[in-house]
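Novice: Next up is a structure, given as structure tokens.
The values are calculated or read from the model by the stated rules, or taken from the named source; none is laboratory data. What you are looking at is a predicted structure, and each value in this text was computed from that prediction instead of being measured. Glycine also receives a Cβ, built like all others from the backbone with ideal geometry; neighbour counts cover every protein chain displayed.
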Amino acid sequence: MMHKIAYLLTLSLLVVSCSLEKGYKEITADGKFKISIPAFLNKSNDLNPEASLEYYHLRQEFYTMVIDEPIIDVNNAIVDNNLEEYYSFDINGYAELVFEDLESRSDFKKVSEVNSKTINGLQSKHVTYHGIFEGVDISYQIRVYEGEKDYYQVHVWTLNRYKTRHQDNMNVIFNSFSEV
């Protein structure tokens with residue numbers, strides 16, 4: 001009887017651990033964009049009310065979400081709030097606005113310089129943060145993209161102690177993003 005229980009426990013642990021890190025699935029959201037995410041992630045709808053896509057895995061402590069905003073709405077908000085002298089009407093101004101907003105609302109500190117890169121034809125800006133959120137040590141990365149009509153924010157975070165484990169997954173997420 002003990003051997004049977006030990007066998008079943010070993011088998012179930014093997015199945016779960018093998019399925020966690022294997023492969024990616026491509027998600028298309030709202031007919032606007034597509035992105036590849038780790039196959040082990042589960043759909044969510046309670047990470048951020050502004051997100052158009054949210055996925056997580058609680059045991060792996062791995063989370064990702066995408067927020068999209070029409071460029072025209074962002075530009076109008078800059079004008080309506082008299083911020084034209086602070087933020088330009090392009091990916092540079094948008095990235096600065098998003099990164100400053102995140103920094104002002106959290107204890108996150110930049111641990112990388114802003115990195116510019118064209119991904120799948122879209123200009124983008126990336127930065128990595130480290131900080132404490134609700135008492136938890138977090139590694140947080142965000143990349144913003146300029147699309148044809150929309151700006152996109154792709155957020156990915158995990159426990160700081162898991163950042164090396166999940167870096168490849170984060171890279172796939174960021175490098176797979178594209179408009180449809």
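Novice: Mind listing whichever residues of the range 13-28 are modelled with pLDDT of 95 or more and either in contact with an Asp or Glu (Cβ under 9 Å, 6 or more places away or on another chain) or among the charged types (D, E, K, R) (or both)?
Specialist: Selection gives Lys25, Glu26.
Novice: So which residues in the range 114-160 are in contact with an Asp or Glu (Cβ under 7 Å, 6 or more places away or on another chain) and either over 18 Å from Glu100 (Cα atoms) or among the hydrophobic types (A, V, I, L, M, F, W, C) (or both), if there are any at all?
Specialist: Within the range 114-160, Leu122, Gln123, Ile132, Gly147, Glu148, Asp150, Thr158, Leu159, Asn160 meet the criteria.
Novice: What about Ser139, is it among the hydroxyl-bearing types (Ser, Thr, Tyr), touching a residue at least 24 places away in the same chain (Cβ under 8 Å) and under 23 Å from Lys32 (Cβ atoms)? Quick ask: steps written out before the conclusion?
Specialist: Values: among the hydroxyl-bearing types (Ser, Thr, Tyr): yes; touching a residue at least 24 places away in the same chain (Cβ under 8 Å): yes; under 23 Å from Lys32 (Cβ atoms): no.
Spelling it out, it is not the case that Ser139 is among the hydroxyl-bearing types (Ser, Thr, Tyr), touching a residue at least 24 places away in the same chain (Cβ under 8 Å) and under 23 Å from Lys32 (Cβ atoms).
Novice: Right, another one. Out of all the residues in the range 118-133, is one or more of a type in the set (Lys, Arg) and in contact (Cβ under 8 Å) with a residue 24 or more places away in the chain?
Specialist: Within the range 118-133, one or more residues are of a type in the set (Lys, Arg) and in contact (Cβ under 8 Å) with a residue 24 or more places away in the chain.
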